[in-house]
Amino acid sequence: MNYTRPKQTELTLTRTIAAGPAEVYDVWLDSKNPGGPWFGCKRMILDVKVDGLFYNCVGHEGREWAHYGRFITLDRPRRIEHTWVSEGTRGLESVVTLTFEPEGDKTRVTLRHTGV
């Protein structure tokens, strides 16, 4: 069987949050906080440590979508980096990098997803 690796792209999003970097970082990794990306998942495993694994399953458009990954970097309050695997990546690993930069009393959050 011949398999061609799909064309890859990169996505970068930047937002300013009205809280300090440590608070934003902590909320990002707290599955019980409604402000974080893990909140509301139908099923969840979140082992927040370097080489710790995560799994989450979200419901969307009448079906469940599973996402998997491994934490690569946890540098509070500056950086989080983890791998990302889902049906959308055809089982191939991509990388999500988040940076948290102070801007006065706010935080500039940059999410960069590469290898998608």
Mean residue ellipticity (222 nm) of the chain, computed from DSSP H runs ≥ 4 via -39,500 (n - 2.57), nearest 500: -2000 deg cm²/dmol
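Under unit Cβ charges (Lys, Arg +1; Asp, Glu -1), what dipole magnitude, rounded to 20 debye, does region 10-114 have relative to its Cα centre?
Numbers: 14 positive and 15 negative charges, 22 e Å.
Dipole of region 10-114, to the nearest 20 debye: 100 debye.
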May I ask you to derive the relative contact order of the chain, considering only C-alpha pairs under 8 Å and at least 6 residues apart, and to give it as an integer percent? 28 percent
J(HN,Hα) series, region 33-43, from Karplus relation 6.51 cos²θ - 1.76 cosθ + 1.60, nearest Hz, glycine and proline x: 9, x, x, x, x, 8, 5, x, 5, 5, 9
Where labels lie 7 Å past Cα in the beta-carbon direction, separation of E103 and I45 in nm: 3.7 nm
Return the single residue from R15, R63, R78 with maximal mean-square fluctuation; model: Gaussian network over the chain, springs between Cα atoms under 10 Å. R63
Cα to Cα, under 26 Å, and not fewer than 8 places away if on the same chain: which lysines meet these conditions relative to K106? K32, K49
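Provide the FRET efficiency to the nearest 0.05 for the H60-L11 pair, computing r from the beta carbons and using R0 = 25 Å. Don't jump to the answer; show the numbers that get you there.
Values: r = 18 Å, r/R0 = 0.72.
So the FRET efficiency works out to roughly 0.90.
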Which one, F71, G40, S94, is farthest towards the positive end of the dipole of region 10-114 when Lys and Arg carry +1 and Asp and Glu -1 on their Cβ? G40
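Each reported figure results from applying straightforward, stated rules to the coordinates on display, with no laboratory input. Just so it is clear, the structure is predicted and the values come from calculations on it, not from any experiment. Glycine gets a Cβ as well: all are built from the backbone with ideal geometry, and neighbour counts include every protein chain shown.
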